[in-house]
Amino acid sequence: MPRLKLTARVGSYFCVLHPHAWGRRGVRQEYPNKLVRIISSAGGGNEFKARLIAQGITGPLGQSVIVETRATPIIAAETVAKAPPDGYTLLVGGASLWLMPLMQKVSYDVVKDFSPISLMERSPSILVAHSSLPVKSVKELISLAKARPGDLNYSSAAPGSTSWIAGALFKSMAGVNIVSVTTKAVDQRSRH
């Protein structure tokens, strides 16, 4: 079996809490012999992937697999970290699992509480501009942003997300003042 190689690429990981605990004290049991829960944050790509995985593994496992959602990726990770380390509570999580502990206090330890099972997908970051902007290249976008500091916006998910970090990195590297508008704020503005 090939060894897992962790990389700095953006993506979602399917994780399990302490898989080494499955064979504790020399007791060998058939897995699974009870309900398997997959936890993810609600309403996004991770929930979609969790539901696809649940459908795909229910038959081969011969056991019911359910998906439970939590309001945020942090709450989802904390739920799994607090679950018994028996392999029956799995997490579908993305970059926020690894990034949030760098930005705020969380009750889990990414290295001690989780072990990756599989890389599910890769999500590249792309830079696009609305066609109404008078730019045709990144160089022209940077020039426009420097000429109009604080006037241009970029959409991102919540602070600490990969899209937010990508925008902050772009701002820093380009030396520009552009404003992050989080997805929630964009959604609220579009309803009014």
- Quick check: anything in region 133-150 assigned to a strand (DSSP E or B), more than 23 Å from Gly94 (Cα to Cα) and at pLDDT below 95? no
- Residue list for region 95-116, restricted to those being surrounded by 15 or more Cβ atoms within 10 Å (Cβ to Cβ) and out of contact with any Ser or Thr (no Cβ under 8 Å at 6 or more places or on another chain): Leu97, Trp98, Met100, Pro101, Val106, Tyr108, Val110, Asp113, Phe114, Pro116
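Quick grid of which residues meet (1) in a loop (DSSP other than H, G, I, E, B); (2) touching a Ser or Thr at 6+ places or on another chain (Cβ under 9 Å):
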{"position": "Ser40", "(1), (2)": "no, yes"}
{"position": "Gly43", "(1), (2)": "yes, yes"}
{"position": "Asn46", "(1), (2)": "no, yes"}
{"position": "Ile53", "(1), (2)": "no, no"}
{"position": "Pro85", "(1), (2)": "yes, no"}
- Please find, within region 151-164, the residue that is farthest from the chain's Cα centre (by Cα) out of those that are more than 16 Å from Gly175 (Cα to Cα) and outside any helix (DSSP H, G or I). Ser155
- Task: Could you tell me whether region 76-90 includes any residue that is open to solvent by less than 40 Å² (accessible area, probe 1.4 Å), touching a strand residue (DSSP E or B) at 6+ places or on another chain (Cβ under 9 Å), small (Gly, Ala, Ser) and at pLDDT below 90?
- Result: yes
- Verdict on Ala129 being among the small types (Gly, Ala, Ser), touching a Leu at 6+ places or on another chain (Cβ under 9 Å) and on the phi < 0 side of the Ramachandran plot: yes
- Just one of the numbered conditions (1) modelled with pLDDT of 90 or more; (2) open to solvent by 40 Å² or more (accessible area, probe 1.4 Å); (3) of a type in the set (Val, Ile, Thr) is not true of Val67; which one? (2)
- Message: Just checking, does region 17-27 include any residue being in contact with a Leu (Cβ under 9 Å, 6 or more places away or on another chain), buried (at least 16 other Cβ atoms within 10 Å of the Cβ), within 24 Å of Gly94 (Cα to Cα) and modelled with pLDDT under 65?
- Response: yes
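The values are calculated or read from the model by the stated rules, or taken from the named source; none is laboratory data. Treat the numbers as computed from the prediction; the structure is a model and nothing was measured. Cβ sites come from the backbone with ideal geometry, for glycine too, and all protein chains shown count toward neighbours. For the accessible areas, the whole protein counts, side chains as well, though only heavy atoms, and no ligand, DNA or RNA atoms are used. Shrake-Rupley method; radii C 1.70, N 1.55, O 1.52, S 1.80 Å.
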